[in-house]
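Asker: This structure is in structure tokens; I'll ask about it shortly.
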Amino acid sequence: MSEQKYYVPDGTYWPIIGSIGVTILFVGFANQMHGVSWGASAMVLGFAIVIFMLFGWLGQVVNESVNGIYNSQVDRSFRWGMSWFIFSEVMFFAAFFGALFYARQISVPWLSGEGNNLYTPELWDGFKATWQQIAFSTPGTTLKSGVEMSIPTQLVDTWGLPALNTALLLLSGVTLTFAHHALRAERRNQVISWLVATIVLGVAFLGFQVAEYGHAYADGLQLTSGIYGSTFYMLTGFHGFHVTIGAIMLSVILYRVQKGHFSADSHFGFEGVAWYWHFVDVVWLGLFVFVYWL
Amino acid sequence: MTTATATIPHGVHHHGPEKGLMRWIKTTNHKDIGSLYMWFAFAMLLIGGALAMGIRAELLQPGMQLMEPQFFNQLTTMHGLIMVFGAIMPAFVGLGNWLIPMMIGAPDMALPRMNNWSFWILPFAGGILLSTFFMEGGAPAFGWTFYAPLSTTFAPDSTDFFIFAVHLLGFSSIMGAINIIATVLNMRAPEMKLMDMPLFVWTWLITSFLLIGAMPVLAGVVTMMLTDRNFGTAFFDATGGGDPVMFQHIFWFFGHPEVYIMILPAFGITSHIIPTFARKPLFGYSSMVYATASIAFLSYIVWAHHMFLTGMPVAGGLYFMYATMLIAVPTGVKVFNWVATMWRGSMTFEAPMLWTLSFVFLFTIGGFSGLMLGIAPADIQYHDTYFVVAHFHYVLVTGALWAIIAATLYWLPKWTGKMYNESLAKIHFWWAVISVNILFFPQHFLGLAGMPRRIPDYSLQFADFNLISSIGGFAFGASFFLLTYIVVDCIRNGKPVSARPWKGAKGLEWTLDAKAPYHSFNTPPSRALIEAESQHSA
């Protein structure tokens, strides 16, 4: 009999809870930005609902997985799902990298009169096209949004904290791979040690990143520092957010390893998170080269 | 060895879906979710259509009659956004949900819970979007393309709600696309090779890659808008070294794949309906697959043909012009194949076929006007005129929407087990196809004569064609009442049909019961069945 059985789950409440959560979160955020008093509280409520939903939904999936309800086909579906989710994240970062390249190569040089933009210097009198320190010769220029520009007094120091962070994150990729090998060899204590090392490196990265933000901010590099400040904070900010998510996911995996959820040949949860961690690693390399270094 | 096969919990075969509202909120079933998508899309189509009626009413005569210019711009903006993100895209996802598992011999989608979420985000996103009409300063009024700085420096507060609505719509699309990829690649009957897949499945698979590549970029660009508006960044502000034109580059990097997201599944539908009613296998199956893939690839590298007037370097203009022209080649392959499929076929002209034939003809008109717009020097004349409006309504209304209506009528018997009223459907078709041409064809002339788009008033020489266009618009709008009646009448009073109501139809979905069972295939179909039902078997 070649009869193949499929896994089809029952109805679920989690998605509608998630939709309500993100809607309250976003509506709260928009109101908060417009100075509405209940905006922030709505954000907190929406965020709490989303966290509740994630715990409930993913907890249910973990339970089903542990109880052996999934077959290899479900495992493959999860793999396809996770890989293409990561690809969509890559494209999200690509939008911001695209903005960085465009500003660096096209809009800033053009504003200073390069190319065939004959009239630009007259329109943008006194524009100083120094990458990282975009400014006008007249101080106190305000952006179109009415915010005064903050001009950095110093360039970012590539070979200080950013280089150290690169080393930390690359190393965390290595320790995570060791953990994976140990998992395949069913050596749980080693898996736990390497996972802990990975999480520690990730958290250290985040700590140094916060310190680096402190330096940059004190030196005047802010969101309002023109296009370099915009791309700097949006790229590193979204990356730091993803590292935070990744570290939380790794902690969950650590907990699940301790519970003995994974076996040598069935541990998609671990692998999915590992892919995600390597993805934030690769994004950081792009950041280090294009935001901090070149 | 898959020991852990125990599944289909709680005897889905025995008691089927839950009762009442909870069935629809909790559902993980591809057919339920497909229906939800289709009804949501239809509701949004009617809302978007009502806004269009407002636009055409104001444009009936020169001069300002009914509304403030600002409100007119809100109508055009929201009409575009609702139709693109609320009607056309969800309708195709709904069709994909309904049809893909049946066509590939699967019981359901690969990730059914996520499938539920990708639908149930939509009503919330749509609600946020529509609520902007009632906010201070009104709804967004900067056009559906929301160019900076109109959407950053000069936009109302409601723009931030619009931004979050777009984020939610993006989540929904990305999850839907991931689900379709996982379903097609992993839930396909083991005996079905990729090149056995029906073309609707192929086109949706390729569309999914477009969605996953493009929607995150849209999320990125609206995020930049958000921070430019609220947090002092300077992405689109030249004072800080940014550039409003950069907005257009990033937007159209999303926007051009987006137009193929809205048409590739329509190509798939057409490639099913024409062989059925010509009673011949599809001509050039594999070339159809390769042409679809080529169009998808090209769609990523032609985006700046929307921006010829932004002052790009001549080399850039030439590149984007020639790359755009290239798309005509695979599209031409498709049109040729459809015509060749009909060549010496035993053709009959039931309503789905009528819609499809007019799709081929009218979409080709839209394609040709697209080619005209793609010629950089000519575009200087056409840019932002009604010629552009005519062009994209020919590809989106008589293209995408036509295929959706054709697909609805074609597969309605399989969804309901009943047949719609053929004579009413024919009356509806002729009503719609005549009125839509009265509506949109004169807009070509208006555009060539220089009437700009997104303008509530116009000079006197445009009056006659606008009057004709508006009359066509009201007639076309009214035709949707008849469509609603036809569909509801089919569901309620339709005559029961056999499992294969169209004699020439091929495809695994027609091997299921007349009204497709709640879970499509619980055991995968055999190789013999797949071969007998494939699009290349005679």
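Asker: Between A:Phe47, A:Phe26, A:Phe101, which is surrounded by 16 or more Cβ atoms within 10 Å (Cβ to Cβ), touching a Phe, Trp or Tyr at 6+ places or on another chain (Cβ under 8 Å) and under 29 Å from B:Thr159 (Cα atoms)?
Answerer: Among A:Phe47, A:Phe26, A:Phe101, only A:Phe26 is surrounded by 16 or more Cβ atoms within 10 Å (Cβ to Cβ), touching a Phe, Trp or Tyr at 6+ places or on another chain (Cβ under 8 Å) and under 29 Å from B:Thr159 (Cα atoms).
Asker: Shifting gears a bit: Say we look at the range B:163-176 and pick out the residues that are more than 9 Å from every other protein chain (Cβ to nearest Cβ) and either in contact with a Ser or Thr (Cβ under 7 Å, 6 or more places away or on another chain) or polar (S, T, N, Q) (or both); which of these is surrounded by the fewest Cβ atoms within 10 Å (Cβ to Cβ)?
Answerer: In this case the residue turns out to be B:Ser172.
Asker: Just name the residue that is nearest to B:His167 (Cα to Cα) out of those in the range A:15-24 that are hydrophobic (A, V, I, L, M, F, W, C) and at the interface with chain B (Cβ under 7 Å from one of its Cβ atoms).
Answerer: For the range A:15-24, the residue satisfying everything is A:Val22.
Asker: With the requirement that a residue be within 11 Å of another protein chain (Cβ to nearest Cβ) and among the β-branched types (Val, Ile, Thr), what does the range B:177-215 give you?
Answerer: B:Ile178, B:Ile180, B:Ile181, B:Thr183, B:Val184, B:Ile212
Asker: Hey, any hits in the range B:97-113 for a residue that's surrounded by fewer than 22 Cβ atoms within 10 Å (Cβ to Cβ), of a type outside the set (Val, Ile, Thr) and farther than 23 Å from B:Leu446 by Cβ?
Answerer: The answer is yes; a qualifying residue exists.
Asker: Which helices (runs of 4 or more DSSP H) sit wholly inside the range A:100-217 and have at least 1 residues that are over 24 Å from B:Val245 (Cα atoms)?
Answerer: Because the criterion is at least 1 residues that are over 24 Å from B:Val245 (Cα atoms), the helices (runs of 4 or more DSSP H) in the range A:100-217 that meet it are A:161-184.
Asker: Does the range A:25-48 contain at least one residue that is closer than 30 Å to B:Tyr518 by Cα, at the interface with another protein chain (Cβ under 7 Å from one of its Cβ atoms) and not in a helix (DSSP H, G or I)?
Answerer: Scanning the range A:25-48, I find no residue that is closer than 30 Å to B:Tyr518 by Cα, at the interface with another protein chain (Cβ under 7 Å from one of its Cβ atoms) and not in a helix (DSSP H, G or I), so the answer is no.
Asker: Okay, next question. Would you be able to tell me the number of residues in the range B:198-251 that are in contact with a Lys or Arg (Cβ under 7 Å, 6 or more places away or on another chain) and surrounded by fewer than 24 Cβ atoms within 10 Å (Cβ to Cβ)?
Answerer: 1
Asker: Here's another thing I want to ask about it. Of the residues that sit in the range B:216-258 and are acidic (Asp, Glu) and part of a helix (DSSP H, G or I), which one is nearest to the other protein chains (Cβ to nearest Cβ)?
Answerer: Only one residue tops the list, namely B:Asp228.
Asker: Given the condition under 20 Å from the mean Cα position of the chain (by Cα) and more than 8 Å from chain A (Cβ to nearest Cβ), answer yes or no: does some residue in the range B:146-162 qualify?
Answerer: yes
Asker: Now for a separate question. Criterion first (over 30 Å from A:Ala129 (Cβ atoms), at the interface with another protein chain (Cβ under 7 Å from one of its Cβ atoms), touching a helix residue (DSSP H, G or I) at 6+ places or on another chain (Cβ under 7 Å) and at pLDDT 90 or above) does A:Tyr102 satisfy it?
Answerer: No.
Asker: If you don't mind, there's one more thing I want to ask. Any residue at all in the range B:517-530 that is within 23 Å of B:Gly268 (Cβ to Cβ), touching a Lys or Arg at 6+ places or on another chain (Cβ under 7 Å), crowded, with 16+ Cβ neighbours inside 10 Å and in contact (Cβ under 8 Å) with a residue 24 or more places away in the chain?
Answerer: The answer is no, given that none of the residues of the range B:517-530 is within 23 Å of B:Gly268 (Cβ to Cβ), touching a Lys or Arg at 6+ places or on another chain (Cβ under 7 Å), crowded, with 16+ Cβ neighbours inside 10 Å and in contact (Cβ under 8 Å) with a residue 24 or more places away in the chain.
Asker: So, A:Ala95, is that one within 7 Å of chain B (Cβ to nearest Cβ), in contact (Cβ under 8 Å) with a residue 12 or more places away in the chain and assigned to a helix (DSSP H, G or I) or not?
Answerer: no
Asker: As an exercise: evaluate B:Met67 against (1) within 14 Å of chain A (Cβ to nearest Cβ); (2) assigned to a loop (DSSP other than H, G, I, E, B) and give the number of the one condition it does not meet.
Answerer: In the conditions (1) within 14 Å of chain A (Cβ to nearest Cβ); (2) assigned to a loop (DSSP other than H, G, I, E, B), B:Met67 misses (1) alone.
Asker: With the condition kept exactly as written, say whether any residue in the range B:129-138 is surrounded by fewer than 23 Cβ atoms within 10 Å (Cβ to Cβ), farther than 30 Å from A:Tyr70 by Cα, modelled with pLDDT under 95 and within 9 Å of another protein chain (Cβ to nearest Cβ).
Answerer: Scanning the range B:129-138 turns up no residue that is surrounded by fewer than 23 Cβ atoms within 10 Å (Cβ to Cβ), farther than 30 Å from A:Tyr70 by Cα, modelled with pLDDT under 95 and within 9 Å of another protein chain (Cβ to nearest Cβ).
Asker: All but one of (1) free of Cβ contacts under 8 Å to residues at least 60 places away in the same chain; (2) out of contact with any strand residue (DSSP E or B) (no Cβ under 7 Å at 6 or more places or on another chain); (3) within 13 Å of another protein chain (Cβ to nearest Cβ); (4) of a type in the set (Gly, Ala, Ser) hold for A:Gly126; state the number of the condition that does not hold.
Answerer: If we test A:Gly126 against (1) free of Cβ contacts under 8 Å to residues at least 60 places away in the same chain; (2) out of contact with any strand residue (DSSP E or B) (no Cβ under 7 Å at 6 or more places or on another chain); (3) within 13 Å of another protein chain (Cβ to nearest Cβ); (4) of a type in the set (Gly, Ala, Ser), just (2) comes out false.
Asker: Being of a type in the set (Ser, Thr, Tyr) and in contact with a helix residue (DSSP H, G or I) (Cβ under 7 Å, 6 or more places away or on another chain), is that true of even one residue in the range B:239-248?
Answerer: no
Asker: Restricting to the range B:264-297, and then to whatever is hydrophobic (A, V, I, L, M, F, W, C) and surrounded by fewer than 20 Cβ atoms within 10 Å (Cβ to Cβ), can you tell me which residue is nearest to B:Lys193 (Cα to Cα)?
Answerer: Among those residues, the one meeting the criterion is B:Val289.
Asker: On to the next question. Which members of the range B:459-470 meet the condition of being over 25 Å from the mean Cα position of the chain (by Cα) and either under 21 Å from B:Gly80 (Cα atoms) or assigned to a strand (DSSP E or B) (or both)?
Answerer: Correct list: B:Asn466 only.
Asker: Same structure, new question: Quick one: A:Arg76 ticks every box in (1) surrounded by fewer than 20 Cβ atoms within 10 Å (Cβ to Cβ); (2) more than 7 Å from chain B (Cβ to nearest Cβ); (3) over 22 Å from the mean Cα position of the chain (by Cα) bar one, so which box is it?
Answerer: (2)
Asker: Further, regarding this structure: Is it true that B:Ile301 is outside any helix (DSSP H, G or I), under 25 Å from B:Ile88 (Cα atoms) and in contact with a helix residue (DSSP H, G or I) (Cβ under 9 Å, 6 or more places away or on another chain)?
Answerer: yes
The values are calculated or read from the model by the stated rules, or taken from the named source; none is laboratory data. Keep in mind the model is a prediction, meaning the values are calculated, not measured. A quick note on method: Cβ atoms are made from the backbone with ideal geometry, for glycine too, and the neighbour counts reach across all protein chains shown.
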